[in-house]
Each structure stands twice: as C-alpha cells, then as structure tokens.
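Here is the structure we will look at.
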Amino acid sequence: MTIVRKATSNDLPAITEIYNQAILATTATFDTEPKNLEEQKVWFESHGPKYPILVSEEDGKVTGWASLSKWSDRCAYSDTAEISLYVDEKSRGKGIGRKLLEAIISEGEKTGLHSIIARIVEGNEMSIHLHQSAGFEHIGIMKEVGRKFSRLLDVYMMQKIYKNNTL
Ligand SMILES: CC(C)(COP(=O)(O)OP(=O)(O)OC[C@H]1O[C@@H](n2cnc3c(N)ncnc32)[C@H](O)[C@@H]1OP(=O)(O)O)[C@@H](O)C(=O)NCCC(=O)NCCS
C-alpha cells in the first residue's frame, strides 16, 4: 500500500538515491553528476512552505518523490513553480508516479501557486502522458538545448494553470 506524504530531511538519502539513478541512467534530468547529501540539503532547504516536496512510501521505504521548485529568483515569477517527479527504478509502472503527480498538484494549489511548468525531455512519452492526463498542456519545444550521453536533446514544455488561484 503506497502512501504519499510531505518529505522531511530524513528522507534525503532515499530521495538522493532515486535522483542519482535517474542522473546516471536517463536523460529525464539534465544533471549529469550524482548529487551528494550536502547539495541535497541546500536544495531541500530552498523549498519554503510555498514549494512542497512529497515522497511516496511503501512498507516504510521511500519509492519516489515529487517537488515544486521556484521557477525563478525574480519575484514576479513567485507563483510559478517547476515540477520534478522521480520513481525508484524498481517501482516504476505501478501507478506511483501518477499518485505523486496528483498529490503534488493538489499541494501546490493549497500553497497558492498559479502555474506549474514541466520541462520533459523529448521521447519521455510516459512522463508526457502522465502530465497530459493531469491537465498539463503542451506550450512549446526548446530545440537542442541539452546534450547528454553524446546526444543533442529537445525539451518538451508543458504547463498547468490553477484556474482558482488567480490573485
Ligand atoms: C516518469 C515516472 C515518474 C512515472 O512514474 P511511474 O510510477 O513509473 O508511472 P505510473 O505507473 O504512475 O504511470 C505510467 C503511465 O504511463 C503510461 N505509459 C507507460 N509507458 C508509456 C509510453 N511508452 N507512452 C505513453 N504512456 C506510457 C502508463 O500506461 C501509465 O498511464 P495510465 O495510468 O494512464 O495507464 C517514472 O517512470 C520515472 O521516475 N522515470 C524516470 C524519471 C523521469 O522520467 N521523470 C520525469 C521527469 S519529467
């Protein structure tokens, strides 16, 4: 039975392990070097109450995480966040990503965000499908902005706007 809950700093080793798997094995993130716990602590603490981080947990083990991070340091962007969504490679394809996605969208609405941006690497059809079915719309493609594993990569941009959070 999977539960989704707010992340605490005690979850950082598990969050980091899951993220590092994706850094090393996939183009889902454009980070190329594994993160250490010091870096992850800074990342965690940069999320105030407005920018949530959630984890999924099964039998006491963290299986995935999702975050809404500040899109830009420029203040007029403060109601816009960027989403991250990662599931442990052994737990993918079982509905955990969808659960995390739905929960983080709901959390962002509660904290008063107006808009969420998703930057999804070309070809990540699973992620595009999930975001689309959670109400994200395609807003454009950034051509050849990344290079990983010796390949130039496009980024498929998606956005969700909370119609209720307009003020
Ligand atoms: C993308 C990711 C977060 C999804 O989490 P997950 O737990 O594996 O996904 P779920 O099981 O909840 O849902 C997968 C959905 O994609 C669908 N899917 C699977 N393969 C697909 C494909 N090739 N094309 C389109 N849809 C696909 C499934 O049918 C399911 O949709 P449904 O619920 O409508 O049937 C996870 O696979 C992951 O961490 N991948 C590596 C990192 C990553 O890509 N992160 C996203 C960065 S933007």
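The values are calculated or read from the model by the stated rules, or taken from the named source; none is laboratory data. Worth saying up front: this structure is predicted, and the values here are computed from it rather than measured. Glycine gets a Cβ as well: all are built from the backbone with ideal geometry, and neighbour counts include every protein chain shown. Side chains included, ligands, DNA and RNA excluded: accessible areas come from the protein's heavy atoms. Shrake-Rupley method; radii C 1.70, N 1.55, O 1.52, S 1.80 Å.
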Of (1) in contact with a helix residue (DSSP H, G or I) (Cβ under 8 Å, 6 or more places away or on another chain); (2) open to solvent by 60 Å² or more (accessible area, probe 1.4 Å); (3) within 9 Å of the ligand (Cβ to nearest atom), K99 fails just (1)
Identify all residues within the stretch 99-155 that are assigned to a helix (DSSP H, G or I) and among the hydroxyl-bearing types (S, T, Y); write none if there are none.
-> S106, S127, S133
List, please: which pairs have Cβ atoms under 7 Å, are six or more places apart or on different chains, and start with a residue in the stretch 1-17 that is among the basic types (K, R) and end with one that is surrounded by 12 or more Cβ atoms within 10 Å (Cβ to Cβ)?
-> R5/L54; R5/V55; R5/E57; K6/P52; K6/L54
When restricted to S150, S67, S106, S115, the only residue out of contact with any Cys (no Cβ under 9 Å at 6 or more places or on another chain), crowded, with 18+ Cβ neighbours inside 10 Å and hydroxyl-bearing (S, T, Y) is S67
Answer from V87, V155 - the residue that is in contact with a Phe, Trp or Tyr (Cβ under 9 Å, 6 or more places away or on another chain), closer than 21 Å to Q40 by Cβ and within 11 Å of the ligand (Cβ to nearest atom) = V87
So S72, is it open to solvent by 10 Å² or more (accessible area, probe 1.4 Å) and near the ligand (Cβ under 7 Å from one of its atoms) = no
The one condition E39 fails out of (1) loosely packed, with under 12 Cβ neighbours inside 10 Å; (2) assigned to a helix (DSSP H, G or I) is (1)
Does D88 meet the test of being closer than 24 Å to E17 by Cβ and charged (D, E, K, R)?
-> yes
Would you point out which residue out of Y19, Y86 is among the hydroxyl-bearing types (S, T, Y), at pLDDT 95 or above and either in contact with an Asp or Glu (Cβ under 6 Å, 6 or more places away or on another chain) or not in a strand (DSSP E or B) (or both)?
-> Y19
